[in-house]
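Reading through the structure tokens given below for one structure.
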Amino acid sequence: MTKTVVVYHSGYGHTQRVAQFVAEGAKATLVAIDADGNITDAEWEALNAADAIIFGSPTYMGMASWQFKKFADATSKQWFGSAWKDKVAGGFTISASPSGDKLSTIQYFITLAMQQGMVWVGQPAMNDGNINRMGSNSGVMAQVGPTSPAADIPQGDLDTAKAYGERVAAVAAKLRG
């Protein structure tokens, strides 16, 4: 059985809701980066023991939140020892605008994964107007209006997140087997 961890920062609950669906699909452990950009020692241990790590952050001003970036900078300890080399990686983001420059956030996750020597898993679902309605193959992108609560995230975005979690876990299982 593979171990998958979803590590994410959520400022207002939107990213947390998407993370829950990704984790449900992957049967993963959730690790929330706190408001100061930190996680616990036990959470670092869970990441280090994982076969797959899925990154998540809202897209703020065209990039991951500063809290996620602080976490990412702290992974330099893992980088130095090649601790995450050959782990499977994936990522997701959400913003208020249909574009919102979410691709920059996903590309940041890809760069982080490549620097760590990880294997990135894309999102293959075709945009059918519901599933993958944002049209991203690099990772999951979700969108909900700027004043909308997390409960208003379109079900298609959440279904895409769940299917992506399943895919990342399946790839990890194939690579591990």
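Only four residue types carry charge here, +1 at the Cβ of Lys and Arg and -1 at the Cβ of Asp and Glu. Report the dipole size of the chain about the Cα centre in Debye, rounded to the nearest 20. That gives the chain a dipole magnitude of about 380 debye. Scanning the chain for long hydrophobic helices, with DSSP H runs required to stretch 15 angstrom or more by C-alpha along their axis and to average at least 1.0 on the Kyte-Doolittle scale, returns nothing.
Classify the range 86-133 from the C-alpha gyration tensor, please: rounded if a/c falls under 1.5, else prolate or oblate depending on whether a/b exceeds b/c. Cα axes put the range 86-133 in the oblate bin.
Restricted to Cα atoms, the range 48-108 shows a radius of gyration and a Dmax of 12.7, 39 angstrom.
The order of the peptides 124-133, 153-162, 51-60 by mean Cβ neighbours within 10 Å, most packed first, is 51-60, 153-162, 124-133.
In the range 1-78, inverting the average of 1/r over every pair of distinct C-alpha atoms gives 12.5 Å as the Kirkwood radius.
Oblate is the label for the range 1-43, because a/c, from the alpha-carbon gyration tensor with a ≥ b ≥ c as root eigenvalues, is 1.5 or above and a/b does not exceed b/c. Projecting the Cα atoms of Ser95, Ala23, Trp66 onto the dipole axis of the range 4-100, where Lys and Arg carry +1 and Asp and Glu carry -1 at the beta carbon, places Ser95 farthest toward the positive end.
Accessible area per residue for the chain, computed on protein heavy atoms with a 1.4 Å probe, is 47 Å².
In the range 1-71, which trypsin sites (Lys or Arg not before Pro) fall in coil by DSSP and have 16 or fewer other Cβ atoms within 10 Å?
Answer by residue number: Lys27.
The mean sequence separation of alpha-carbon pairs under 8 Å and at least six residues apart, normalised by the residue count of the range 29-97, gives a relative contact order of 43 percent.
The chain has equivalent-ellipsoid semi-axes of 23, 18, 14 Å, by the square roots of 5 times the alpha carbon gyration tensor eigenvalues, sorted largest first. The listed peptides 145-151, 99-105, 5-11, ordered by packing as a protection proxy, come out as 5-11, 99-105, 145-151 (highest mean of other Cβ atoms within 10 Å first). Summing +1 for each Lys or Arg and -1 for each Asp or Glu among the other residues whose beta-carbon sits under 13 angstrom from that of Met114 gives +1. Summing Lys and Arg as +1 and Asp and Glu as -1 over all other residues whose Cβ lies under 12 Å from the Cβ of Ile39 gives a net charge of -4.
Modelled label positions at Asn38 and Met126, each set 7 Å beyond Cα in the direction of Cβ, lie 4.9 nm from each other.
Compactness of the range 71-157 is given as radius of gyration and Dmax, 14.8, 43 Å, from Cα positions. Centroid-to-centroid, using Cα positions, the range 1-70 and the range 99-144 are 15 Å apart.
Sequence-distant contacts, meaning Cα pairs under 8 Å at least 6 residues apart, place the relative contact order of the chain at 27 percent. The mean sequence separation of alpha-carbon pairs under 8 Å and at least six residues apart, normalised by the residue count of the range 74-141, gives a relative contact order of 36 percent.
Determine the shape class of the range 107-154: with a ≥ b ≥ c the square roots of the Cα gyration tensor eigenvalues, call it rounded for a/c under 1.5, and otherwise prolate if a/b is greater than b/c, oblate otherwise. Oblate.
How much of the accessible area of the chain, in percent, comes from carbon and sulfur atoms when a 1.4 Å probe is used?
Heavy-atom surface of the chain belonging to carbon and sulfur, 1.4 Å probe: 53 percent.
If you take all other residues with their beta carbon under 12 Å from the beta carbon of Ser57, and give Lys and Arg +1 and Asp and Glu -1, the sum is +3. When the pairs Lys77/Lys174; Lys3/Lys174; Lys85/Lys174; Lys3/Lys77 are compared against a 19 Å limit on Cα-Cα distance, Lys77/Lys174; Lys3/Lys77 fall above it.
The values are calculated or read from the model by the stated rules, or taken from the named source; none is laboratory data. In this text the structure is predicted, and so the values were computed from the model without any measurement. Cβ sites come from the backbone with ideal geometry, for glycine too, and all protein chains shown count toward neighbours. We work out accessible area using only protein heavy atoms, side chains counted, and drop any ligands, DNA or RNA first. Shrake-Rupley method; radii C 1.70, N 1.55, O 1.52, S 1.80 Å.
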